[in-house]
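Each remark here refers to the structure printed beneath this line.
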Amino acid sequence: QVQLVESGGGLVQAGGSLRLSCAASGRTFSGYAMGWFRQAPGKEREFVAAINWSGGTTNYKDSVKDRFTISRDNTKNTVHLQMNSLKPEDTAVYYCAAVRSWATMMRQSGIEYWGKGTLVTVSS
């Protein structure tokens with residue numbers, strides 16, 4: 001089992017920044033690809049960003065590619081999402097996700113573990 005706990009959400013004005021964190025406990029953190037997904041009100045959950053077990057490979061949703069940065073620290077069992085130049089359309093509950101297979105993460109289905117989410121609200 002892997003337990004994931006997100007933090008760092010909040011209310012920010014458009015153009016501002018937030019840094020989300022996900023703390024993992026349980027099985028060997030470094031063996032998992034980690035990702036961030038989000039779900040806006042009335043919409044389906046969507047992929048935002050992912051990072052492989054070593055941190056050497058990342059992938060982003062096109063609309064966040066130049067604004068968000070995902071990183072991980074395997075010594076602290078944490079993954080972060082630095083979000084800059086936030087827009088109202090970034091408003092959503094952000095979820096941390098873990099899965100052993102990078103290919104599964106890229107398929108964006110079959111995720112093994114989810115956090116409970118942290119709310120990000122961007123005001124215009």
- Rounded, prolate or oblate: which fits region 7-49, taking a ≥ b ≥ c as square roots of the Cα gyration tensor eigenvalues, rounded meaning a/c under 1.5, else prolate when a/b beats b/c? oblate
- Message: Per residue, how much accessible surface does the chain expose to a 1.4 Å probe? Answer in Å², no decimals.
- Response: 51
- Message: Let me make sure I get this right: for region 56-124, a, b and c are the square roots of the gyration tensor eigenvalues over alpha carbons, sorted descending. Under 1.5 in a/c it's rounded, otherwise prolate if a/b > b/c, else oblate. Which is it?
- Response: prolate
- Query: Calculated from DSSP H runs of 4 or more alone, at -39500 (n - 2.57) each and per residue, what is the 222 nm mean residue ellipticity of the chain, nearest 500?
  - Reply: -1000 deg cm²/dmol
- Query: Where in region 4-18 is the amide nitrogen less than 17 Å from a point lying 7 Å along the Cα-to-Cβ axis of THR58?
  - Reply: 17-18
- Which value results for Rg/Rh of the chain when Rg is the Cα radius of gyration and Rh the Kirkwood radius based on the inverse mean 1/r? 0.94
- Message: Using DSSP to call loops (not H, G, I, E or B), can you name the GluC sites (Glu not before Pro) in region 41-124 whose Cβ has at most 12 other Cβ atoms within 10 angstrom?
- Response: GLU44
- When the chain is fully extended, how far beyond the present Cα-Cα distance does ARG19 get from GLU112, taking 0.36 nm per residue of separation? 31.1 nm
- Query: Quick one: putting +1 on the C-beta of Lys and Arg, -1 on the C-beta of Asp and Glu, what dipole do you get for region 37-124 around its Cα centre, in Debye to the nearest 20?
  - Reply: 120
- Item | Fraction of accessible area attributable to carbon and sulfur, the chain (%, probe 1.4 Å) | 46
- Item | Simple label model, 7 Å out from Cα along Cβ direction - LYS65 to SER123, nm | 3.3
- Task: Please name which of GLY31, SER21, PRO88 has its Cα lying farthest along the dipole of the chain towards the positive end, using unit charges on Cβ (Lys, Arg +1; Asp, Glu -1) and the Cα centre as origin.
- Result: GLY31
- What range in the chain is the longest one free of trypsin sites (Lys or Arg not before Pro) that are in a loop by DSSP and have at most 13 other Cβ atoms within 10 angstrom? 1-42
- Going residue by residue through region 59-73, the Karplus relation 6.51 cos²θ - 1.76 cosθ + 1.60 with θ = phi - 60° gives ³J(HN,Hα) values, rounded to whole Hz and with x marking Gly or Pro, of 8, 9, 5, 4, 6, 10, 3, 8, 10, 10, 9, 9, 8, 9, 10
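The values are calculated or read from the model by the stated rules, or taken from the named source; none is laboratory data. Since the model is a prediction, treat every value here as computed from it, not as a measurement. Quick reminder, even Gly has a Cβ in these numbers, built from the backbone with ideal geometry, and neighbours come from all protein chains shown. Calculation scope for accessible area: heavy atoms of the full protein, side chains included, ligands and nucleic acids excluded. Shrake-Rupley method; radii C 1.70, N 1.55, O 1.52, S 1.80 Å.
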